[in-house]
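**Q** This is the structure, below, for whatever I ask next.
Nothing in this text is a laboratory measurement; each read-out follows from the coordinates by a stated rule. Treat the numbers as computed from the prediction; the structure is a model and nothing was measured. Glycine gets a Cβ as well: all are built from the backbone with ideal geometry, and neighbour counts include every protein chain shown.
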């Protein structure tokens, strides 16, 4: 079993829809959880960052972490065509270790006008 | 402030050759990490450098190596290229190392194709 699992999609939604992106993980040592957005031909950029369990909101984006279920989510409200990208979840142990970040494989999202 | 830059952006090599990729971090950042991204395996950590020293290494063969210079610029080298080395190689910089909360900023990557 991989440490981080993420449905690769692709996911196609109409403009204005609420998008839900998810990752599951197996290593209970993960404490830091991140979502990155990667546009075509670009490097990933950090969208959201959370520590431990709970919710965090930033504009149209909400990140949720449920450590008891080892499940994290990213919600995008009022999705826009400019949100079309690949979304990668990532997580890290305290102190880092030999792997600074462990990434999911990414979910490709297309928002249609 | 300029972002992370990587050169070259695209590279085509043949099996058995070697290749050197370059990364210039954001000004003031002293940590540089390298990742390999493929459709099958996703993003995988290669190694991290801080103050010219390799601090962490991922699970890759010894054909993959790197170094960091005193100006924090970094290079990675892949020797005896294999078809499976075809990937997007991403460099990320951050202020420090070993700190899980330190944001990493990624460059656009170098697309390596091995024929």
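**Q** Using every Cα-Cα pair within the protein assembly as shown, state what percent have a distance larger than 33 Å.
**A** 16 percent
**Q** Kindly give the semi-axes, whole Å and largest first, of the ellipsoid equivalent to the stretch A:39-97, taking each as the square root of 5 times a Cα gyration tensor eigenvalue.
**A** Here the semi-axes work out to 22, 16, 9 Å.
**Q** While we're here: If neighbour count is taken as other Cβ atoms inside 10 Å, put A:4, A:13 in order from fewest to most.
**A** The fewest-first ordering by Cβ neighbours comes to A:13, A:4.
**Q** Hey, another quick one. Give the distance, in whole Å, between the Cα centre of the stretch B:44-112 and the Cα centre of the stretch A:26-103.
**A** One Cα centre to the other: 21 Å.
**Q** With chain A treated as a Gaussian network of Cα nodes joined by springs under 10 Å, which of A:67, A:42, A:100 yields the largest mean-square fluctuation?
**A** Evaluated over chain A, the most mobile residue of the options is A:42.
**Q** If you don't mind, another one. For residue B:53 and residue B:95, calculate 0.36 nm times their separation in residues minus their Cα-Cα distance, and state this gained length in nm to one decimal.
**A** Taking 0.36 nm per residue and subtracting the Cα distance, the gain is 13.6 nm.
**Q** Quickly work out the residue A:11-to-residue A:112 label distance, labels modelled 7 Å from Cα along the C-beta direction, and quote it in nm with one decimal.
**A** 1.7 nm
**Q** As a test, work out the antiparallel percent of DSSP beta bridges whose residues both lie in chain A, rounded to the nearest 5.
**A** 90 percent
**Q** Moving on to the next point. Give the Cα extents of chain B along the principal axes, in whole Å, largest first.
**A** Taking max minus min along each principal axis of the Cα atoms, chain B gives 37, 27, 26 Å.
**Q** If you don't mind, there's one more thing I want to ask. When chain A is treated as a GNM, springs tying every alpha-carbon pair under 10 Å, which of A:40, A:52, A:84 comes out with the largest mean-square fluctuation?
**A** Result for chain A, Cα springs under 10 Å: A:40 fluctuates most.
**Q** So what are chain A's ellipsoid semi-axes, whole angstrom, largest first, if each one is the square root of 5 times an eigenvalue of the alpha-carbon gyration tensor?
**A** Here the semi-axes work out to 24, 15, 12 Å.
**Q** Give me B:48, A:45 ranked fewest to most by other Cβ atoms within 10 Å of their Cβ, as a rough exposure proxy.
**A** Least crowded to most crowded, the residues run A:45, B:48.
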